[in-house]
Every structure is written in structure tokens, then in C-alpha cells.
Amino acid sequence: MTFWGLFNKNFKELIREKKRNVLLFVLPIAMFVFVFLFFTNSQVEKSFVKPISIGIIDNDKSLYSSALIEAYKGNESFTDFININVGNNELREAFEQGEYDALVEVPKDFADSLMRFEEDPVQVKIAYEDPMKAILFKNVMESYENFITSVQVGVEVLYDKMEELSMTNEEISLYNNEISYELVMTSVGRNRFFRYNGLVNIPSTTSVNYFFIAIVMMFLMYMSIFTAIDLLREREHMCFKRLKVARISIFRYLLSKLLSSTVFIFIIVIVWFLMISITTNLTIHNNLGYIVLYIISCILFAVSFAMFISSLFKRDENVILVSNIYIFINAIIGGSIIPIHYMPDVLRKIAVITPNYWMIKGMLYLDSGYKHMYGIIIMGVFISMSILLTYLSFLRYKNNN
């Protein structure tokens, strides 16, 4: 029998289980309807802030002011959170219309006043429609102010010491210009004094989207148990011995079982999504192609993991007991019941060992479009783990038979 013949046989056997399929289809829908009725329009806690949009009007147009602006625009750690647009007076109107979160105006002769410590400050306007963004930007500007002020104090102390040493005005002016020049250059490149450690958090989403993802991932694990039960029953009926007689590779049979179950579960998930998207405002915002591939990778992992568990036991009762306990604990700790955003740090550290945690987290990355590369990496890990678990299942079944 060819591989596709085995695939067709396994797929038809899954379709014939009508009562089981109806239950697998209806139960998740009922759970999601319950969640939708109670959590519509609510939002789980945001763990990151959308980029702050800033308009800059450079009236100085000097080498130093341009260098300062370019230093921030070229800093990846800074531009991940702040979008900078340099322009003219039209930015004022755009700020008044709410297109920018802040407006920074660099005065004329700003660089000269900075070198001479004259009072000619940068004018900053902040929009307070989003208090979080306003506070963040305010702190950024105050940190810059404190940095310049602390250096200024040091330069003024040095200036006083030079006067005490009865240095000539020309010497004092020369040293003052050199030190002030260093101050400007230091303020431009002050980022080299810091080491950045990136923190990858979990994107925010509405509660409806989150629980739909969480419910789907939890039922992927539950539906995969039936593949494990089918394998045990086939082993009890000497199916694997007949495969040897027919000279059909056990690995080929397990692979056909893996792919047929994956296709069958994927069809159910697609039907779930179509029904929910028609009756609610649930939509996929970004990376549709990657999301489809990601769901397939999650199903592959869930089915291959169930196949591996089936290879460890000889009775289906043991498989059902162990699988249900594991999936239930995995659902609680992994974020299918308590949102990951609300978990305390201790519980979140434990959650990283559960598949549900990574299934949900990767899906949120792809759906939000925030750091979607992390979702692709998680997808690659699931596919690799699926191949490994399928091979380990093959070794177990081969040795048992």
C-alpha cells in the first residue's frame, strides 16, 4: 500500500466517527460563545506600548542639532518605541490634529547656547490623550535634561577652578570651548554608555481573541488523544504485525497517521474560525499565511506528542488518564484558563515548560504583527519537535512489535 493510500485510509476512518466529530465540533463552539458573552470588548493587560510618534522642528539647522536628531533616529533601541519625523511648521498643525504624541522644537542657535550654557531651551509639547505615552516621553526628555545639567555643573566647577588659578581669559575661553564641544558630542553619543538587554513580552489583545486562541490550542491537545487511542486499538488488533507481513514500514504508517490527523483537525479549526468570524467581530489582523502554517505546526506537535504517549502504554485507559491529567494541568499553567498577561511571575516561569504557553504566545505574536519573527521561530521548534517525537514513537512501536 502506498503512503497516500495509508493517508486516505486513516482520513476516512476519522470521518466515520460521526458522534465523536459532532462532539469535537460543538463543545469548543459552546465554550467560545460563553466567553464571547462575558468578555466582549474587554481587553487583557497590555505588556507593550505602541510606538510614540514625535514631530521635530529644527530651527537651528546646525551640524550639532542635525547630529543629535540623527543619533536618535539611527538608534534601533530607541526607534523600536519612538517614530521620529523631522519637518517644518506644518508639524504644529499635525500635532494639534492629534497626529503626533509630542512636538519638539529646537530653537535657533541652540548649539551655540548649549556650548555657552545660555538659557535657550528646547520647546516640548506633549499630547495627553494616552497618559502612558505622555509619561514615557516626559521621562525621556527629563533624563536628557538631567544628563546635560549634571555635565554643566562639572564644567562650571572647572571654570571656577581655572579662574582661581589666575588663568588668562584666552586660556579659559579655549578650554571652555573644547569642553563644551566635548559636551555636545557626548550628548549626541550618550547611548554608548548604556548596554541594552531586550525584553520580549507578550503582545496585548482583546479577551475574545485571546480566549479563542486559548480554547483552540487546548482542544488541539484533546483531539490528538483520539489518534493515540486509535493507535493502541490497532496494536491490540495486531495491525502492526500485519504491516510487517505486508512489508509496510511502521514509520510510514505513523507518518500517514500524523498527516491525516493533522489535516482532519485543521479542517475542524478552519470551520470553527469561519463560524466565529461570521457571528462575531473576530478577525486575523496580520500574517494570515504564517498563521495558517503556525496552526498546522501546533497540530503536528499535538498529534505527534499524543502518538508518543501511546507508545509508552499498552492500555488505552492509561493513555486517557495520563493525557487528560497532563492536558488539564497544561491548560491551567499554560494560559488557556488564566491569561498569560495576568499570571504572576513565578507561575509564568513555570508556564514556559508547557506547550500551551508557547502555542498561545506564538499565535499572539503573529496575530498582532509585533515581533512576528518570534512566532516563526516557535513554529520551527514545533515542527522539529514533531519530527523527533514521530521518530521516537516509531522506535517504541518497532521494539514492542
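Observations on the structure shown:
- Meets criteria (without any contact (Cβ under 8 Å) to a residue 24 or more places away in the chain and either more than 19 Å from residue 323 (Cα to Cα) or open to solvent by 10 Å² or more (accessible area, probe 1.4 Å) (or both)) for residue 373: yes
- Filter pass, residue 318 being out of contact with any Gly (no Cβ under 8 Å at 6 or more places or on another chain), polar (S, T, N, Q) and surrounded by fewer than 21 Cβ atoms within 10 Å (Cβ to Cβ): yes
- Answer from 159, 222 - the residue that is modelled with pLDDT of 80 or more and out of contact with any Asp or Glu (no Cβ under 8 Å at 6 or more places or on another chain): 222
- Scanning region 380-401 for residues that are closer than 17 Å to residue 356 by Cβ and open to solvent by less than 20 Å² (accessible area, probe 1.4 Å) turns up 382, 386, 389.
- Counting only helices (runs of 4 or more DSSP H) that sit completely within region 301-401, those holding 3 or more residues that are closer than 21 Å to residue 251 by Cα correspond to 372-400.
- Among the residues of region 233-257, those identified as under 20 Å from residue 388 (Cα atoms) and part of a helix (DSSP H, G or I) are 250, 251, 252, 253, 254, 255, 256, 257.
- Pairing each residue of region 1-21 that is within 16 Å of residue 231 (Cα to Cα) with any residue that is surrounded by 14 or more Cβ atoms within 10 Å (Cβ to Cβ) and basic (Lys, Arg), provided the two are 6+ apart or on different chains, yields C-beta distances under 7 Å for 6/252; 10/257.
- Residue tally, condition open to solvent by 20 Å² or more (accessible area, probe 1.4 Å) and at pLDDT 80 or above, over region 236-255: 4
- Failed condition for residue 222, given (1) open to solvent by 60 Å² or more (accessible area, probe 1.4 Å); (2) without any contact (Cβ under 8 Å) to a residue 12 or more places away in the chain; (3) closer than 20 Å to residue 26 by Cβ: (2)
Here is a yes/no grid of residues against (1) among the hydrophobic types (A, V, I, L, M, F, W, C); (2) under 24 Å from residue 30 (Cβ atoms):
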residue: 211; (1), (2): yes, yes
residue: 233; (1), (2): no, no
residue: 238; (1), (2): yes, no
residue: 258; (1), (2): yes, no
residue: 261; (1), (2): no, yes
residue: 266; (1), (2): yes, yes
residue: 269; (1), (2): yes, yes
residue: 272; (1), (2): yes, yes
residue: 287; (1), (2): no, no
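- Residues in region 284-320 that are at pLDDT 85 or above and touching a Lys or Arg at 6+ places or on another chain (Cβ under 9 Å): 303, 307, 308, 310, 311, 312.
The values are calculated or read from the model by the stated rules, or taken from the named source; none is laboratory data. Not measured: the values here are computed from a predicted model. Cβ coordinates were reconstructed from backbone atoms using ideal geometry, including for glycine residues, and neighbour counts include every protein chain displayed. SASA here: full protein model, heavy atoms, side chains in, ligands and nucleic acids out. Shrake-Rupley method; radii C 1.70, N 1.55, O 1.52, S 1.80 Å.
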